[in-house]
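Taken together, the values in this text are just the output of simple stated rules run on the coordinates, not laboratory data. Remember, it's a predicted structure, so these values are computed and weren't measured experimentally. Ideal geometry is used to build each Cβ from the backbone, glycine not excepted, and the neighbour counts take in all protein chains shown.
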Amino acid sequence: MNSLRDTLRISLAGLAIGAFALGGCVETSNNKEDAHDHSGHDHDGHDHEGHDHGSETAQEVRVDLYEGIIGELKFIPEDGDTKTHPQIRHVQIPDFKKDDGTIAMTPDGIPGMRSMKMEFPLAEGVSLDGFEVGDKVMFDFVVNWGGKVPWELTKIEKLDPSTVIDYSNAKAEDLEP
């Protein structure tokens, strides 16, 4: 009887610890419909600075996934360079959302994120070995709302060089080489 009581006591203690841990749990979503702005850039009215939720111990992080984005590699850092990130000119991402969960809208009425050139930090395990500046690519990236890394490239693959890419709503500065 005592061993049963001790087992239950240990199990309940484990549940209490688990419930406490879940209180600071990270909330994630791989649904690209939940996407938001990313930190470090200010593009057409959506701010990309990191979000401070006012808590040093438990921070809620939402992860929004964007898949199958088409673009062109414009810059690849030299090996060992940890201060710069690859740059990709990408097509419009019409379902890109702000941190409040609504579709972003540029001041001139373009939904989501317009075509632009931007940096993409590489997620762990992602490599650009075999890629060159000018390669046309398809890639996935995540936006980590409330995370230490605001956004990162999670997958990249080369496309046929003859692939036509539509950058029709890019600003002039985003079309420069």
Next on the checklist: Using the basic label-point model (7 angstrom from Cα toward the beta carbon), what is the D166 to I110 distance in nanometres?
Outcome noted: 1.3
Next on the checklist: Could you work out how much longer the chain between E60 and K158 gets when fully extended? Use 0.36 nm per residue separation minus the Cα distance between them, nm to one decimal.
Outcome noted: 31.9 nm
Checklist entry - When we measure straight from the Cα of K171, which lysines land under 22 angstrom away, once same-chain ones fewer than 8 places off are left out? => result K74, K97, K98, K117, K136
Checklist outcome for this item: Counting only DSSP loop positions in the stretch 140-169, the trypsin sites (Lys or Arg not before Pro) whose Cβ has at most 15 other Cβ atoms within 10 Å are K148
Item to check | trypsin sites (Lys or Arg not before Pro) restricted to the stretch 64-105 and DSSP loop, no more than 10 other C-beta within 10 Å | outcome: K83
Next on the checklist: Give the average over all directions of the projected area of the C-alpha convex hull of the stretch 60-173, one decimal, in nm².
Outcome noted: 7.8
